[in-house]
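Below: the structure, in structure tokens.
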Amino acid sequence: MTGFFLGAGLYLCFLMMFSLYRAIFGPKVLDRLIGVNAIGSKTVVLLLIIGLIYGRVDMFIDIALAYAFLNFIAVLAASRYFHKRKGLYEESTFE
Amino acid sequence: MADSDTTDFETRESSKSGVAKKILSFLLTFVFMFVLWIVLSGKFDPLLISLGILSSFLVAWFFHDLIFPDLEFRYISIFFRFFAYAAWLIKEIIKANFHLMYLVFHPRMKELIDPQIIVFETSLKQELAITTMANSITLTPGTVTVTADSDGGFRVHAIDRASAEGLPGKMFEKVAKLFGEDI
Amino acid sequence: MNILVIFFLLFGLFFFTGGAVGIIRMPDFYSRLHPAGKLDTLGIMSMVLGLALYNLNHFSAGTLLLSIKMILIIFFVFLSSPTATHSIVDAGIRAGLRHWSKEQRRVE
């Protein structure tokens, strides 16, 4: 079972590369935000899998819970912040 | 926002049933917070339990009208009917997610999708009902809620024509029945 | 029991794959939100449910508590993920981004 968990974790890391591409090369700021959000939601599962592999779920579950909360707050705060960015608007009208 | 809250609070405090509601919401918040403390801490020392009682008492004392702002008795039946609604919603989410998977892996995806923004009005009045409706629309694949206002108007971004035509439809009937509103 | 756990994990990984590929392939910002917001939600729900079931293999009070915490994560994600998606799309609307559509492409 540990081997299967290891494979699932590695596959999740591989999927994070796709989201990382969007987070780095995203044409607009909000595209990057989507990439960061997707990475965060995969990280919660990855933390739980790491905890199960090392046999310390009781410790990693708290980190995963805090990470889920923090991811939500970060996305909310960032999108509220970009409400007032004028650069976004110009970028969109030029296209 | 703070002003309207305090005036609302005072008017409710003056009536007699308002006091009972306040005590009930205080007790509910206290029980909720304490169960959360037990689950999150997982230890049963006398010191930690008493610290938990103290902190959840303080939270319930200051924020008793934050989580359960206005309690009514029909909320109990809504609470139980919500489980049936959640089961239906999860079935619907899984069924419609496969449609989105088909779209994503299709080689000629850009010919299949047809993004559009549609506007429709519903007769929902309660804030909780509107929030439930908006979140359900977002969770059902093919549609994302753009704006939802307090009169029950929605703007929805739909990814293809089929999911745009399915709105408001059955989901609105379910939500209206859940919250006891007339369709 | 283990077969059920593996089924849930593979189901979740399948949807995560769809979400990751969808984020890359979709043409514009609004349609990228569809795979990011929903396929990921279903993926995280099913994977965490599978891990909670696996955790209950050695049943005791401690593992039950851990599984309850995992269910708490599912519940929280179920509430917060639509809210986060709505917040991002609201920022896009206020910034005035136009959405990609077929008609617009035909004109060009």
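A few notes on this one:
- Selection from B:Val146, B:Ser77, B:Gln126 lying farthest towards where the dipole of the protein assembly as shown points positive, charges on Cβ: B:Val146
- Taking the C-alpha atoms only, the angle from helix C:40-55 to the longest principal axis of chain C is near 10 degrees.
- Under the simplified labelling scheme, the B:Leu40-B:Lys22 pair shows an inter-label distance of 2.7 nm, with each label point 7 Å from Cα along Cα→Cβ.
- Alpha-carbon centroid distance for the pair the stretch B:122-152 / the stretch C:12-46, whole angstrom: 21 Å
- Between chain B and chain C, roughly 3400 Å² of accessible surface gets buried, counting both sides and using a 1.4 Å probe.
- Legend: distances between Cα atoms for B:Lys125/B:Lys170; B:Lys22/B:Lys125; A:Lys28/C:Lys69; B:Lys22/C:Lys38; B:Lys22/B:Lys174; pairs beyond 26 Å are A:Lys28/C:Lys69; B:Lys22/C:Lys38; B:Lys22/B:Lys174.
- Over chain C, dividing the summed -39,500 (n - 2.57) contributions of all DSSP H runs of at least 4 residues by the number of residues returns a 222 nm mean residue ellipticity of -27000 deg cm²/dmol.
- Overall form of the protein assembly as shown per C-alpha gyration tensor (a/c, 1.5; a/b vs b/c): oblate
- For the stretch B:30-183, the Kirkwood estimate of the hydrodynamic radius, built from every pair of different alpha carbons, is 18.5 Å.
- Of the solvent-accessible surface of chain B, computed with a 1.4 Å probe and all protein chains present, 68% belongs to carbon and sulfur.
- When each full DSSP H helix of chain A is screened for a Cα extent of at least 30 Å along its own axis and an average Kyte-Doolittle hydropathy of at least -0.5, the helices passing are A:2-25, A:29-54, A:57-81.
- Taking all protein chains together, B:Met109, A:Met17 sort by accessible area into A:Met17, B:Met109, largest first [probe 1.4 Å].
- Label point distance in nm, B:Ser77-C:Asn2, each placed 7 Å from Cα along Cα→Cβ: 5.0 nm
- Close amide H partners of B:Val146, meaning residues 5 or more places away or on another chain with modelled amide H under 5 Å apart, are B:Arg155, B:Val156, B:His157.
- Solvent exposure ordering (accessible area, 1.4 Å, most first) of C:Arg94, A:Arg22: C:Arg94, A:Arg22
- Average accessible surface for the protein assembly as shown: 52 Å² per residue, computed with a 1.4 Å probe over protein heavy atoms with every protein chain in place.
- Under 5 Å between amide hydrogens, built in the peptide plane, is the criterion, and for B:Asp160 it picks out B:Asp114 among residues at least 5 positions away or on other chains.
- Taking the charge dipole of the protein assembly as shown about its Cα centre, with +1 at Lys and Arg Cβ atoms and -1 at Asp and Glu Cβ atoms, the residue from B:Ala87, B:Met101, C:Leu66 reaching farthest to the positive side is B:Met101.
- Summing both sides, the accessible surface hidden between C and A at a 1.4 Å probe radius is close to 4000 Å².
The values are calculated or read from the model by the stated rules, or taken from the named source; none is laboratory data. Quick caveat: nothing in here was measured; it's all calculated off a predicted structure. Because the Cβ atoms are built from the backbone with ideal geometry, glycine has one as well, and the counts that use them run over all protein chains shown. The area values use the complete protein model at the heavy-atom level, side chains included, leaving out ligands, DNA and RNA. Shrake-Rupley method; radii C 1.70, N 1.55, O 1.52, S 1.80 Å.
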